[in-house]
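Notes for the one structure printed next.
Since every read-out is calculated from the coordinates, none of them should be taken as a lab result. Just so you know, these numbers come straight off a predicted model, no measurement behind them. Every residue, glycine among them, receives a Cβ derived from its backbone with ideal geometry; neighbour counts consider all protein chains shown.
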Amino acid sequence: MNQKGEVTLMASLLLFILLGIVLLCSLELKKSYYQLKKRTDLFLCLKEAKGELNEFIKFTGRTNWAIKNLNRAELIMMFIPLGQASAMNAKKLKNVLIKSQEIRLLSYMNRLKKIKSKGCKLDLRMFISPFKLTSGTFRRDKEQAVILREKEWSYSFYSKPYFLFLKKTHKDGKILPLISNIYPKRKR
C-alpha cells in the first residue's frame with residue numbers, strides 16, 4: 001500500500017513540475033507577444049508618419065519649383081509685347097500655389113495630430129517640419145519659395161524597448177530618402 005502512495009505522490013510531483021514549465025512558457029510567450037505587438041505598432045506609426053512627411057516634402061518641393069519657374073516666366077513676359085496679361089496670370093497662379101502650400105501645411109499638421117491621437121509617440125520635431133516656419137506659416141525667400149530649415153534632419157520614435165531613428169538629407173536640390181534604424185536589433 002505504501003508503494004501506491006509513493007507512485008501517486010511522484011506522479012503528482014511530476015504533474016506539478018510540468019504544469020510549472022507550461023506556465024513559465026506561456027508567460028514567456030505572452031511577453032514575446034506584447035513585445036512583438038509594440039514593435040508592430042511602432043512600425044505602423046512610423047510608416048504612416050514617414051508617408052505623411054514624404055508626401056509633404058514632395059508637394060512642397062514641387063510647388064517651390066513651380067513658383068520659382070513662374071517668377072522667371074513672369075519676368076520674361078514683362079518684356080514681351082502683349083505679355084503683360086500673361087504675366088498677371090502667372091502672378092495669380094503663383095499666389096494660388098503659395099496658398100496651396102499653406103493649406104497643405106495645415107493639412108500635414110492635422111494629419112500628424114490624428115496619428116498622435118491614435119497613440120503613436122511621434123517626435124515633436126515632426127510638428128516643426130523640415131521647412132522654416134514663422135507663426136504657423138512658411139518663411140519664404142525673395143522668390144517666394146519656402147526655405148528649408150536644415151540640409152539634414154532626423155526624427156526618432158521610441159516605444160520601450162524599441163528606438164527607431166529616421167534620417168533625411170538634402171543634397172544638390174534633391175531630398176534623399178529616409179534611412180531608418182531600429183534598436184535593439186532583432187535576434188535571428
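Quick notes
- Approximating the spin labels as points 7 Å out from Cα along Cα→Cβ, the I17-to-K160 distance works out to 3.7 nm.
- Residues S100, S32 in ascending order of nearby Cβ atoms (within 10 Å, fewest first): S32, S100.
- Sequence-ordered 3J(HN,Hα) estimates for region 76-84 from the Karplus curve with 6.51, -1.76 and 1.60 and θ = phi - 60° stand at 5, 5, 5, 8, 8, x, 6, x, 5 Hz, glycine and proline given as x.
- The average projected area of region 25-103, computed from the convex hull of its Cα atoms over all directions, is 5.9 nm².
- With N counted as the residues of region 2-183, its alpha-carbon radius of gyration over 2.2 N^0.38 Å works out to 1.81.
- Charge tally around A85: other residues with Cβ under 13 Å, Lys/Arg +1 each, Asp/Glu -1 each, net +1.
- Taking other C-beta atoms within 10 angstrom as a stand-in for reagent exposure, S129, S159, S12, S154 fall in the order S12, S154, S159, S129, fewest first.
- Relative to the compact-globule estimate of 2.2 N^0.38 Å, the Cα radius of gyration of region 42-88 comes out at 1.93.
- Subtracting the Cα-Cα distance of L82 and E150 from 0.36 nm times their residue separation leaves 20.3 nm of extension gain.
- Full extension of the chain between Y33 and R62 gives 6.1 nm of extra length, using 0.36 nm per residue less the Cα-Cα distance.
- Judged by a Cβ-Cβ distance under 4.7 Å, the unpaired cysteines of the chain are C25.
- Normalising the average separation of contacting C-alpha pairs (under 8 angstrom, six or more residues apart) by the number of residues puts the relative contact order of the chain at 16 percent.
- Listed pairs K50/K99; K37/K116; K58/K167; K38/K151 exceeding 26 Å between Cα atoms: K38/K151
- Residue-span extension gain [E6 to R125] - 0.36 nm each, minus C-alpha spacing: 36.0 nm
- Charge tally in the Cβ shell below 11 Å around S159, where Lys, Arg are +1 and Asp, Glu are -1, S159 excluded: +4
- Least to most buried among I76, I17 (fewest other Cβ within 10 Å first): I17, I76
- DSSP beta bridges in region 2-183 [antiparallel fraction, %, rounded to 5]: 100 percent
- Peptide packing for 135-146, 54-65 was compared via the average number of neighbouring C-beta atoms within 10 Å per residue; ordered from the highest value, the list is 54-65, 135-146.
- Working note: Karplus 6.51/-1.76/1.60 with θ = phi - 60° gives region 61-70 the couplings x, 5, 5, 4, 4, 5, 4, 5, 5, 5 Hz, where Gly and Pro are set to x.
- In nm, spacing of pseudo-spin labels at N110 and T40 (7 Å Cα→C-beta vector): 3.1 nm
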